[in-house]
Amino acid sequence: MLYHWLADGLVIFHSAFVIFVVIGGFLALRWHWIAWLHVPFAIWAVLLEYNGWICPLTPLENALRGRAGMAGYSGGFIEHYVLRVLYPAGLTNSLQWALGTFALVVNIVAYTLLVRGLRAVELPHSPKR
């Protein structure tokens, strides 16, 4: 039972990681320190998608499920949990590139807004006449 709970907890953590990768840049607009945590996570996630790598959390989850006497799954976390909901077909290289590009574009937009906001704060205001 413990391994089952650990596997389920890992799924929740993994889901939070994916959500953080997508929206973390926008959180950094409000709390700038989050960027220091978010940027490496986002880079890692985009690299995973572009290279077709399996996130290390996936084999760990499968191992925990195995220890709990449950069946693991093949493929990656996104393919097993997210794509089953969004796309009935399997994960393809082009779909992985699309997901990676989506994460990259969302984060470029968020950090462009962040940099513009920081620059606006740093620029001296012209004196009023």
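The values are calculated or read from the model by the stated rules, or taken from the named source; none is laboratory data. In this text the structure is predicted, and so the values were computed from the model without any measurement. Glycine gets a Cβ as well: all are built from the backbone with ideal geometry, and neighbour counts include every protein chain shown.
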Q: Any chance you could count how many residues in region 11-52 are of a type in the set (A, V, I, L, M, F, W, C), over 26 Å from ARG116 (Cβ atoms) and surrounded by 13 or more Cβ atoms within 10 Å (Cβ to Cβ)?
A: 4
Q) Is region 43-59 home to any residue that is farther than 17 Å from ALA103 by Cα, of a type outside the set (Lys, Arg) and outside any helix (DSSP H, G or I)? A) yes
Q: Considering each residue of region 64-82, count those that are more than 24 Å from GLN96 (Cα to Cα) and either out of contact with any Leu (no Cβ under 9 Å at 6 or more places or on another chain) or at pLDDT below 85 (or both), and give that number.
A: 6
